[in-house]
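Notes to accompany the following structure.
The values are calculated or read from the model by the stated rules, or taken from the named source; none is laboratory data. Since we're looking at a predicted model, the values are computed, not measured. Ideal geometry is used to build each Cβ from the backbone, glycine not excepted, and the neighbour counts take in all protein chains shown. Side chains are part of the model used for accessible areas, which takes the heavy atoms of the whole protein and leaves out ligands, DNA and RNA. Shrake-Rupley method; radii C 1.70, N 1.55, O 1.52, S 1.80 Å.
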Amino acid sequence: MESLPNLLSDPNTRWVLAGCILLGLSSGVLGCFAYLRKHSLMGDAVAHASLPGICVGFMIYGSKSIGVFLLAAAAAGLLCSFCISMLTRWSRIKEDTALGLVLSVFFGFGIVLLTRIQHTPNGNQSGLDDFLFGQAASLVGSDVRVMMALAGILLFITWLLFKEFKLLSFDPGFGRGLGLPMGVLNALMMLLIVLAVVIGLQAVGVVLMSAMLITPALAARYWTDRLDRMVLLAGLFGAASGFIGTLVSGMTAHLPTGPVIVLASTVLFLVSFVFAPRRGLLMKWYRQYQLRSAYQKQVDSCPTMRSFEGSDPV
């Protein structure tokens, strides 16, 4: 096991650490809106749908380019969300069915393209396998700078339109009555979610990226009922997951960074699920125990209630 000071002294580790923290921060913030709008599976569909986009980008460009891959993945993700929207709007297919259908079609097409690329002469140098399960260790300074710019844009737009996105999440009809372009805001929110998924593909991979979008938001929901605090907590949980997962993976041999980040996020969710002060499992058990105790005291102090309970026959 490598020591923490030695690990942090490595410049590449610092780049990976910065990239994973930014990934967790941006995906946690935007995941709150996806979770509240019941679009949790949309991130999964977009992540899987980005694979054929990345493959097509490689086939057109001819070599590995993080900028081209991100643009191609974003285009495929937007096409995926458009297909889901059209299927649910113009047919009787429900949203969960449309998500499953589009996800499987896009991912299957991506696997076909990936297999074909791997059998080409330069297929071994493509690095497309990294996007399937993630390869955070392959992040370099230029990759992190792209992630930093995209994450900054996502967070700035979310901060700027926070009230509008809040209306979109809770009462789009009221927002429409105020004259707000809810259709445009909905499309913008989908674009931000697609970009949040795309910037995490190289670190976490298309298979696990949806966990980074939803798990921090779900963990934050256990601690507060206010959206602004939930967004802040989800961003902190996501950033902490990226930080902890990267350090644990770097200090231990043969541990992939992306899956360890997802496991760190899951641990934070389990802690929230059990120990959160209002919604946590322990607090729910304690409140039920208090209710049962209060009820039992009332039964013991009232003869009529004891006879009703059957403990003292009339």
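Observations on the structure shown:
- From the options Thr97, Thr158, Thr88, Thr115, residue that is closer than 18 Å to Pro52 by Cα and not basic (Lys, Arg): Thr115
- Any hit, region 207-226, residues being farther than 15 Å from Ser40 by Cα, open to solvent by less than 10 Å² (accessible area, probe 1.4 Å) and under 12 Å from the mean Cα position of the chain (by Cα): no
- Filtered by the rule that a residue be open to solvent by less than 90 Å² (accessible area, probe 1.4 Å) and of a type in the set (Phe, Trp, Tyr), region 138-171 gives Phe162, Phe165.
- The set of residues from region 52-69 being in contact (Cβ under 8 Å) with a residue 24 or more places away in the chain and not in a helix (DSSP H, G or I) comprises Gly62, Ser63, Lys64.
- Matching residues, region 244-262, being surrounded by fewer than 21 Cβ atoms within 10 Å (Cβ to Cβ) and among the small types (Gly, Ala, Ser): Ala253
- Residues of region 159-190 that turn out to be touching a Phe, Trp or Tyr at 6+ places or on another chain (Cβ under 7 Å) and of a type in the set (S, T, N, Q), as a count: 1
- Residue within region 192-201 that is farther than 22 Å from Gln135 by Cα, within 17 Å of the chain's Cα centre (by Cα) and at pLDDT 85 or above present: yes
- Scanning region 88-99 turns up no residue that is among the aromatic types (Phe, Trp, Tyr), within 28 Å of Gly235 (Cα to Cα) and open to solvent by 60 Å² or more (accessible area, probe 1.4 Å).
- Selected residue [modelled with pLDDT under 85 and not acidic (Asp, Glu)] from Ser27, Ser9: Ser9
- Residue within region 260-274 that is more than 30 Å from Leu132 (Cβ to Cβ) and at pLDDT 85 or above present: yes
- Test: residue in region 77-99 that is within 14 Å of Ile199 (Cβ to Cβ) and hydrophobic (A, V, I, L, M, F, W, C): no
- Taken as a whole, the condition of being open to solvent by 30 Å² or more (accessible area, probe 1.4 Å) and modelled with pLDDT of 85 or more does not apply to Cys55.
- Those residues of region 264-295 which are polar (S, T, N, Q) and surrounded by fewer than 12 Cβ atoms within 10 Å (Cβ to Cβ), in sequence order: Gln288, Gln290, Ser293
- Of all residues in region 29-52, those that are open to solvent by 20 Å² or more (accessible area, probe 1.4 Å) and of a type in the set (S, T, N, Q) total 1.
- Only residues that are more than 21 Å from Met283 (Cα to Cα) and touching a residue at least 24 places away in the same chain (Cβ under 8 Å) were counted across region 216-233, and they come to 3.
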